[in-house]
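Here's the structure, in structure tokens; my notes come after.
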Amino acid sequence: MALHVTALTLVTALRLLDLCRLAVRLAHRRCPPPLPKGPGGKPRRYSEESLLLVALLRTLWRLSYQDMHDWLRAWPALARACGLPEGPDGWPQVPSPSQQCTRAAAAGAPPFEMLFVVAVRARLIGARDLIIDSAPLLAWRRRDPDAASSHAPAHHPTAFLRGFRAHTLLCRGSGLPLFFVVAPANAHDAPFAEVLLTWAVCLYGLRPRVVRLDAAYWGLTLILLGPHHPGCRRCGPLELQAAEGSRPPAAHPDQGRTRQARQYRALLRARHPLLRPV
């Protein structure tokens, strides 16, 4: 379980159904919903705010569509708290796994994005412990002009792949993404750490304390981000932790005469307070 409270307590105490209803209303105001279906067919039974709340609980507790369906079936009080309608027998009706997936794809990203923005601004999600990581994305076409070739991960069947990399900033407590940047696959990871942290601080007003990242994101710009960056000035000292088994990369001997490499080694020798590899 991702949280130390029950799902029913979380939904009722924080009034998450009203929060989801507000997020859906704001999302429709910013991005109009898709056109309704034509005449005929079965009418929709579940509201968008109920399905959004079900998706949020599924993400927080890290459940599959089938596990979420079985959980709501076995817990009628939670299904009623999510706003699911009751059937003729008096028991709440639960959306099937395929219907959860279909309605989530039809709703798109705006309701989920607006829900996260509302939750962060209401301080329901503190986002003090952050994770920066990347994942490869294959290009739809080999001739995509924006795609690039790079080394593939170990589990990939080929040594190289052509596509992109999605650099994502995650909230470790909730497991939800804060911000992401899609770049060509051959771009280095180091410049994107500052971009992710800057946009997250400026958009959400976050005050992160710990940032967990891979060794590829280490660099002089990231080390100096805490005390000198205008967006992070009010956040206080940041604790940058390298991923398990990784360390900040040493400067190459051929770059010893460059000014940046000298500054980098000086900061490492002085054990800068922001640099705390685990």
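Any read-out appearing in this document is the output of simple, stated calculations on the displayed coordinates, not a laboratory observation. Since the structure is predicted, the reported quantities are computational estimates derived from the model, not experimental observations. Cβ atoms come from the backbone with ideal geometry, glycine included; neighbour counts cover every protein chain shown.
The charge dipole of region 130-185, taken about the Cα centre with unit charges on the Cβ atoms of Lys, Arg (+1) and Asp, Glu (-1), comes to about 160 debye, rounded to the nearest 20. Protection proxy ranking for 153-161, 86-94, 50-58, using the average of other Cβ atoms within 10 Å per residue and placing the highest first: 50-58, 86-94, 153-161.
Given their separation in residues at 0.36 nm each and the Cα-Cα distance between them, His156 and Ser64 gain 30.7 nm when the chain is fully extended. Taking 0.36 nm per residue of separation and subtracting the Cα-Cα distance, full extension of the segment from Arg172 to Thr6 would add 57.9 nm. Modelled spin-label separation between Ser149 and Arg15, with each label point placed 7 Å from Cα along the Cα-to-Cβ direction: 5.8 nm. Among 137-147, 163-173, sorting by the average number of other beta carbon atoms lying within 10 angstrom of each residue, highest first, gives 163-173, 137-147. Couplings 3J(HN,Hα) of region 11-21, computed from phi: 5, 7, 5, 8, 6, 5, 5, 5, 5, 5, 5 Hz, in residue order, whole Hz [Karplus 6.51 cos²θ - 1.76 cosθ + 1.60, θ = phi - 60°; x for Gly and Pro].
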